Amino acid sequence: MISKSKKHMVLTTFMLPAGYHKDSWRMPGSRADELGNLDFVADLTLMAEEAKLDAVFFGDIVHANTVLRGDIKMNGFYEPMTVLSALAARTKNIGLIGTMSTSFSEPYNVARQLCGLDHMSNGRAGWNIVTSSDGFQNYGVSDVPDPVVRYRRATEFVDVVQKLWDSWGDDAVIVDKENSEYVDRSKLRAINHQGEFFNVQGPINMPRSPQGRPVLVQAGSSGPGMDLGSSVADGIYTAQPFKEPSVEFYAKFKAMAAEKGRNPDDVKVIPGILPILGDTEKEANDLADELANYVHLENGRSQVAADLKMDLSELDFSDRIPAAWFSDDPKLGSRYQIYRKKSVDMGMTLRELIVDLARSTGHQWMAGTPSQVADRMVDWFDSKACDGFNLNAPFNPGGFKLICDKLVPELQNRGYFRSEYEGTTLRDNLGLSRPGA
């Protein structure tokens with residue numbers, strides 16, 4: 001393990017080429033006609049690597065429901081494993097994190113794909129572990145499984161994948177040409193896993209990955225999500241729009257990891273932030289207003305209605321969603337409660353909620369100068385509200401260029417972010433230990 005300064009933030013970016021701010025693809029210069037193509041996303045990834053970011057992170061959805069509601073932000077145009085494999089050939093240092101759902105694949109397939117990506121990238125692969133709540137009809141399943149069942153499956157799924165990654169010893173490859181032995185077969189072992197959801201013999205059919213295991217990240221702030229993440233994840237992506245709840249979440253998560261015998265410093269808590277930047281505060285606010293004007297309100301109504309599982313068709317945009325319409329059901333998730341807080345406690349109208357969610361999707365957002373945004377990020381970091389941030393570019397490529405050219409250098413100048421990569425693998429750059437076989 002290469003030591004990482006305690007003062008250095010983790011900085012990754014959520015790679016959404018259409019822009020994280022909904023409908024920002026309508027802006028001039030958006031390159032929206034190139035969505036789905038490699039050159040566009042490669043240009044953004046190389047920009048991130050030049051800024052020395054830890055990783056690019058690709059989410060994924062396996063349905064077209066959001067596109068049918070007029071929202072192409074999280075569109076699934078870039079299937080993570082294929083695009084990350086292509087990007088591995090065009091980059092040298094930056095981490096490559098992809099989302100793969102435990103609901104729609106098999107552990108052996110995922111173990112091979114991620115181990116292969118780790119080899120192709122010389123140790124820069126990461127897996128964002130998710131369970132899915134939509135898209136089951138595309139896989140022949142009519143009813144969405146209960147969240148408890150989905151997380152129980154996910155826990156076993158990850159356990160099997162890790163066993164497969166560990167089924168080759170680090171020194172199994174010997175390349176003994178004289179005796180015609182490429183591997184020491186005694187260093188390969190079957191896992192013979194028999195569980196509730198999976199029966200897997202193993203071993204995997206490729207050497208152990210350069211990192212030992214690819215880095216694991218997880219995005220889940222519910223009870224089952226926190227239990228899974230605190231058990232296995234190296235990084236936690238979380239939506240935390242307010243500082244004090246984030247401080248509480250951070251402390252709780254680190255304590256959960258410690259209770260499971262893990263080093264809390266090896267679990268990085270990484271909330272998202274959407275920075276809208278300008279050379280002056282007025283310039284940043286004007287840009288925020290410009291972005292808001294691109295939001296299609298009727299599409300926004302459909303999107304918010306789908307997120308909240310409500311019929312909002314009779315509300316005027318100047319109306320507030322009645323408090324009585326919201327549910328206390330914890331199964332609706334942590335982001336549902338964030339939307340509820342903004343609508344009920346903060347009194348946002350439907351129009352204000354649509355624009356706010358277009359900017360943030362439950363994360364924090366801020367319009368300001370690079371210095372002002374850096375002030376907030378440093379305050380959160382020093383207050384133990386996070387270990388760093390997932391940077392959400394409001395629009396591409398221009399909004400991400402502002403982040404890389406102005407915000408990241410501000411953090412570097414203050415000593416809160418690296419100027420050069422510390423090592424050659426994603427684990428090195430995150431300051432994480434290499435797991436033994």
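Only one of 60, 118 is acidic (Asp, Glu) and within 14 Å of the chain's Cα centre (by Cα). Can you tell me which?
Details: 118 fails: within 14 Å of the chain's Cα centre (by Cα).
Of the residues listed, the single one that is acidic (Asp, Glu) and within 14 Å of the chain's Cα centre (by Cα) is 60.
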Please work out which one of (1) free of Cβ contacts under 8 Å to residues at least 24 places away in the same chain; (2) buried (at least 18 other Cβ atoms within 10 Å of the Cβ) is the condition residue 314 fails and give its number. (2)
So in the stretch 250-265, with the set limited to residues that are in a helix (DSSP H, G or I) and basic (Lys, Arg), which one is farthest from residue 230 (Cα to Cα)? 252
Going residue by residue through the stretch 50-59, is there one that turns out to be at pLDDT below 95 and not aromatic (Phe, Trp, Tyr)? yes
Taking the options 207, 241, name whichever one is out of contact with any helix residue (DSSP H, G or I) (no Cβ under 7 Å at 6 or more places or on another chain) and part of a loop (DSSP other than H, G, I, E, B). 207
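Restricting to helices (runs of 4 or more DSSP H) lying wholly in the stretch 375-437: which have 2 or more residues that are in contact with a Ser or Thr (Cβ under 9 Å, 6 or more places away or on another chain) and within 17 Å of residue 270 (Cα to Cα)? Don't jump to the end; show me each part of the working.
On the way: elements: 398-402, 408-413, 426-430.
So the answer is 426-430.
From 272, 347, 333, grab the single residue that is exposed (fewer than 15 other Cβ atoms within 10 Å of the Cβ) and of a type in the set (Gly, Ala, Ser). Quick ask: steps written out before the conclusion?
Details: 272 fails: exposed (fewer than 15 other Cβ atoms within 10 Å of the Cβ); 333 fails: exposed (fewer than 15 other Cβ atoms within 10 Å of the Cβ).
Exactly one of 272, 347, 333 is exposed (fewer than 15 other Cβ atoms within 10 Å of the Cβ) and of a type in the set (Gly, Ala, Ser), namely 347.
Within the bounds of the stretch 321-336, is there any residue that is of a type in the set (Lys, Arg) and in contact (Cβ under 8 Å) with a residue 40 or more places away in the chain?
Yes, the stretch 321-336 has at least one match.
Take the conditions under 15 Å from residue 100 (Cα atoms) and not in a strand (DSSP E or B) and apply them to residue 160. Does it pass?
Yes.
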Considering only residues that are aromatic (Phe, Trp, Tyr) and in contact (Cβ under 8 Å) with a residue 60 or more places away in the chain, which ones fall in the stretch 152-185? 168
Would you tally the residues in the stretch 360-378 being farther than 30 Å from residue 300 by Cβ and more than 22 Å from the chain's Cα centre (by Cα)? 2
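When the stretch 36-82 is examined, which residues are found to be assigned to a loop (DSSP other than H, G, I, E, B), small (Gly, Ala, Ser) and in contact with a strand residue (DSSP E or B) (Cβ under 7 Å, 6 or more places away or on another chain)? Talk me through it step by step, then tell me what you get.
Taking the stretch 36-82 as the starting set, the residues that turn out to be assigned to a loop (DSSP other than H, G, I, E, B) are 36-37, 51-54, 59-64, 69-79.
From what's left, small (Gly, Ala, Ser): 36, 51, 59, 64, 70, 76.
Within the stretch 36-82, 59 is the sole residue that qualifies.
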If you go through the stretch 321-334 one residue at a time, do you hit one that is over 21 Å from the mean Cα position of the chain (by Cα), under 15 Å from residue 361 (Cα atoms) and either among the aromatic types (Phe, Trp, Tyr) or in a helix (DSSP H, G or I) (or both)? no
Would you confirm whether or not the stretch 405-425 contains a residue that is surrounded by 20 or more Cβ atoms within 10 Å (Cβ to Cβ), touching an Asp or Glu at 6+ places or on another chain (Cβ under 9 Å) and under 30 Å from residue 163 (Cα atoms)? yes
Regarding residue 305, is this residue modelled with pLDDT of 95 or more, in a helix (DSSP H, G or I) and out of contact with any Pro (no Cβ under 7 Å at 6 or more places or on another chain)? no
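Please determine, by comparing only the residues of the stretch 225-248 that are within 18 Å of the chain's Cα centre (by Cα) and more than 26 Å from residue 434 (Cα to Cα), which one is surrounded by the most Cβ atoms within 10 Å (Cβ to Cβ).
Going through the stretch 225-248, the residues within 18 Å of the chain's Cα centre (by Cα) turn out to be 225-241, 246.
Among the residues that remain, those that are also more than 26 Å from residue 434 (Cα to Cα) are: 239-241, 246.
Values: 239: 19, 240: 26, 241: 20, 246: 21.
The residue in question is 240.
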Give the residue that is nearest to residue 25 (Cα to Cα), with candidates limited to residues of the stretch 350-377 that are surrounded by 18 or more Cβ atoms within 10 Å (Cβ to Cβ) and of a type in the set (Gly, Ala, Ser). 358
Close pairs from the stretch 12-30: first under 21 Å from residue 353 (Cβ atoms), partner in a helix (DSSP H, G or I) and of a type outside the set (A, V, I, L, M, F, W, C), Cβ under 6 Å, at least 6 apart: 21/359
All-but-one check, residue 108 against (1) buried (at least 21 other Cβ atoms within 10 Å of the Cβ); (2) part of a helix (DSSP H, G or I), failing number (1)
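The values are calculated or read from the model by the stated rules, or taken from the named source; none is laboratory data. None of these values were measured; they are calculated from a predicted model. Please note: Cβ atoms are built from the backbone with ideal geometry, for glycine as well, and neighbour counts cover all protein chains shown.
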